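A quick write-up on the structure given underneath.
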Amino acid sequence: MSSLGEILVNAQSNDTNIRQAAFEALQQLKQTNPTQYILSLSAVLASPTDPKPSRQLAGLNIKNVLSNLNNEDFLADFWDKVDPSLKTTVRNNVLGTLASDDKDIRLSASQAVAAVAKIDLAKGEWTESIHILVSNAINPNVSYKLASLMTLGYICEGVTAEIIKPELSNQIFSAIAANITAQDTTNEIKLVALTALSNSLQLASNIMQVKEEREFILNMLYQVAVYQDLEIRKACFQIFCELVDHYYDFLPAHLSEIGNVTLQAIKQDQIEIAILAIEVWNEIGDIECSRQAKQNPALSVRGFIMTAAPILIPIILENIIRGDFEEDDWDLHKSCGLLLSLVAQLTSDKFIDAPIQFIKANVNSSDWKCKASACMALGMILEGPSAIKLNGLIVETTPHVLRLMGDESVAVRESAAWALSRICDLQFKVVTTSYFGQILNGAVNSLKDLPKIACSCCWTLIHLIEHSEEKQLFKAEIFEPLFQALLESAGRTGVVSSENNLQVASFSTLSTLLERSANDCIPIIERKLPDLINMLKHCSYSEANENMQALIASSISSALSRVRPESMTEELCKNFLEALIQSFTVRNSVYEEGIQAIGNFAQLLESRFSGYLQILAPYIAYALQKQDIVGLCMSGTMVIGDIARALGENSKPLINDLVLPLVGNLQNDQASSSVKLRSIESLADIASNSKEAFVPYVPQVLALIEAAANASLTIIKEENDPDMYEYLASMRDALLQFYEGFIQGLIAGGQLEVLIPYTPNIVRYSLIVTQDSFKPNPSMHRTAIGIIGDIAGAYKDRARDFVKIPEVVNYVQRFKQSSNSRVREISLWALNLINSI
């Protein structure tokens, strides 16, 4: 046995010390000479004389090293520098081990081969590996066949057509399909081939575009969908789901066949297959709802759900009662409920009568499954259908739902509480007209029920509070008993879990109540604030209860947003700071809810806050340094803007301390996109409030802002990269806000000469990002027109050449008749200023 083999044996020792020493030795070998390390690992993997566990671990380590090259700096480009002859040795060792008689060794070798191949194929190298694997995948030798199919699946998993070219992917699909369709092959081979097909579906675009090839794949799946073996049928329906996800637009001609196969499975197959068959339609519904919401002409809704709805709805209503109603498992009951929701959203009133009749017929049933299913169906159909269809149903069934919250069946109570929260969110006006008091009492009483039910009640209360803010329904007489009930709910033992954290739900409801209750509650909030501060002060910290301090701090923050400045006596301010700093100290860290509370504290005190800034500065600085904890760093970044707004012109002496951390965020490649966005927004707050004090920072800050502005004009298709698309849209909005604050601050500070060199580019940027191609929101138009008006008013004739031009005037005139009153008013204001030039 080789020395490396011995280390690999020790790495699997039951003795912790031996195992740890082996791991350290492996890490040292990897860091010292990664090339020799990979070479030696491949030799162990290929060596029939080394123990099986060592060979398995060797293959796993090869995979881990080559799959994570970007995670360790010393590995970043090491494979590119490996001598070609040594690469060949590694490749031959891992590929040759696929011929091993041992199934477990072959599995480890498959992962190693895939890791090497993914890197090489991306550079146009080792394409012969695919030819060898494809050849072996149709080899009569069962071991070769299984190992090669498995390896092809691993190689294809997560890669793109740029890495595996169409000519190679066509060979791979042919080999996989040959093993799926072969009559004499074993179930094991079929299952491995189906897994490989699943992993490689994203590469099939060129195949799916050809009608004959597409029909071949689908016909192959139709046959497998009725295969005798359960695991094979399961794999087949999972592939149907993925096929819909990747190739929705290629399926119109196949809707009838897909419908027949899935509906037959729902009606006749075992429940786990029926769930997967329903999930095929859920995938279709998700795609169609997403496209309907985005209204992108390039991604049209094909109407599969609309076409199938008359057949789907009776099957959904029949099977929604069949589930196991397990709390945490995804079962047929939940799957049918989701599909019913998607159908309602996509078909509106057209097919809603049957679900309505189902709900009315079952909400008073003696069968608990029928009652729970009626509540599920009610909650699911509240989006899509019109008020004409839903209002009567809601008025009629809400009393029954409230009654069912006291049912002896836990499943019924859970479903009823969830349905009530949906009603209060989506049909608030209907129920509060007749049932506000009953719903409020029902939700409060059920806060004492099981955590999952109580969590739904918290959501019911949150929706009631949020939607009734304008009506001021949550008045003083409601506030105090509800406040106490929520504290008691949060304090219940055994209510913290990953699925239904009643502690979090209760405090979230409490924060919403503090922020949005009626104005006559403000004196009560002022009376309760010292109690919340004392709770924070006496809240012990432990890993088992690490959220409690953050939750209390969040509630304090909400209270600070409502109380009157004069209620914050020096003693109360001191107690708050002592409690907050104590919580930071016992945790030996800072948490984002505490930092956010500082922001609201600053905005409440305004100029008085300057006396407390020195005490809090180290904790804000700590938050800003934690680039690896995005939420915390972003909270620190937001607080800087809060402080600038709170202190107004009094922020001038602090300008350096406020600006430099934000500049650092923008310069830091490790800072997240959300932190950078928030930094721009906070810089706008500083610029608009510190006025002339901002002047020394203008060149540095504007250089960063202009770089961000240029980057924000990158054209990204939403369907290709929705996250980047959203980020760039948010960036454009934030930059306009910065320019607005920057201009207003310097104008107010009498710094017109400092500002003038930047104004033409600012106007140009404002015109570009408000073009229809960038899909600006009304707020962006308001900001852009405001910027133009501010510049026109400040510079008058000096701005003629870049403001009183057709491009600008036509843009502003567009909004003279805007339906948005704020945009319309600012457009008329700006036009007057432009015309006066």
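Laboratory data are not the source of any read-out in this text; all were calculated from the coordinates shown. Just so it is clear, the structure is predicted and the values come from calculations on it, not from any experiment. No Cβ is skipped: glycine too gets one built from the backbone with ideal geometry, and neighbour counts run over all protein chains shown.
Descriptive notes on the structure:
- Take the Cα of residue 365, step 7 Å toward its Cβ, do the same at residue 256, and the gap between the two points is 3.4 nm.
- 5 angstrom amide H check on residue 349, placed H, neighbours 5+ away: 386
- Dimensions of the stretch 434-554 from C-alpha coordinates, computed as largest minus smallest value along each principal axis and given longest first, are 44, 31, 18 Å.
- Per-residue ³J(HN,Hα) for the stretch 652-659, Karplus 6.51 cos²θ - 1.76 cosθ + 1.60, θ = phi - 60°, Hz, x for Gly and Pro: 4, x, 9, 3, 5, 5, 7, 6
- Multiplying the residue separation of residue 324 and residue 589 by 0.36 nm and subtracting their alpha-carbon distance yields 90.9 nm.
- Violating pairs (Cα-Cα greater than 24 angstrom) within the set 30/145; 371/475; 118/676; 87/123; 350/775: 30/145; 371/475; 118/676; 350/775
- Once the Cα atoms are used to define both axes, helix 673-690 deviates from the longest principal axis of the chain by about 10 degrees.
- At an R0 of 35 angstrom, the distance between the Cβ atoms of residue 817 and residue 748 translates into a FRET efficiency of 0.65.
- Pairs of Cα atoms farther than 18 Å apart, the stretch 331-463, %: 48
- Between residue 209 and residue 186, the distance separating the two model label sites (each 7 Å from Cα on the Cα→Cβ line) works out to 3.9 nm.
- Within the stretch 629-672, all pairs of alpha-carbon atoms sorted by distance into 10 Å bins from zero give the percentages 27, 51, 20, 1.
- Residue 581-residue 531 FRET efficiency (beta carbon distance; Förster radius 30 Å; 0.05 resolution): 0.95
- Measuring spread by the Cα atoms of the stretch 299-404 yields a radius of gyration and Dmax of 13.6, 46 Å.
- Peptide packing for 185-198, 729-742, 767-780 was compared via the average number of neighbouring C-beta atoms within 10 Å per residue; ordered from the highest value, the list is 729-742, 185-198, 767-780.
- Hypothetical label at residue 730: residues of the stretch 682-716 whose amide nitrogen lies under 15 Å (7 Å Cα-Cβ projection): 682, 712
- Phi to ³J(HN,Hα) by Karplus 6.51 cos²θ - 1.76 cosθ + 1.60 over the stretch 750-762, Hz, x for Gly, Pro: x, 9, 4, 5, 5, 7, 3, x, 8, 5, x, 5, 5
- Across the chain, the mean sequence separation of Cα contacts (distance under 8 Å, 6 or more residues apart), normalised by length, yields a relative contact order of 4 percent.
- Nearest-ten-degree value, helix 368-380 long axis tilted from longest Cα axis of the chain: 60
- For the stretch 104-120, Karplus couplings with θ = phi - 60° (6.51, -1.76, 1.60), whole Hz, Gly/Pro x: 5, 5, 4, 4, 5, 5, 4, 5, 5, 4, 4, 4, 5, 5, 4, 5, 5
- Sites residue 470 and residue 86 - FRET efficiency at Förster radius 60 Å, r taken between beta-carbons, to 0.05: 0.25
- Binned Cα-Cα distance frequencies in the stretch 612-750 - 10 Å width, integer %: 12, 43, 33, 10, 2
- Relative contact order, percent, the stretch 27-73 [alpha-carbon distance under 8 Å, six or more residues apart]: 29
- Residue-averaged 222 nm ellipticity for the chain, from DSSP H runs of 4+ at -39500 (n - 2.57), nearest 500: -23500 deg cm²/dmol
- For the stretch 671-739, fraction of C-alpha pairs farther apart than 16 Å, in %: 48
- Taking trypsin sites (Lys or Arg not before Pro) across the stretch 504-566, none is in a DSSP loop with at most 16 further Cβ atoms lying within 10 angstrom of its Cβ.
- Helix axis angle, 128-137 relative to the chain longest principal axis, alpha carbon, degrees: 60
- Semi-axes of the equivalent ellipsoid for the stretch 1-102, Cα gyration tensor, largest first, Å: 21, 19, 10
- Remark on the chain: Rg and Dmax equal 32.1, 92 Å (Cα only).
- Cα→Cβ-extended label distance, 7 Å offset, between residue 12 and residue 480, nm: 6.9
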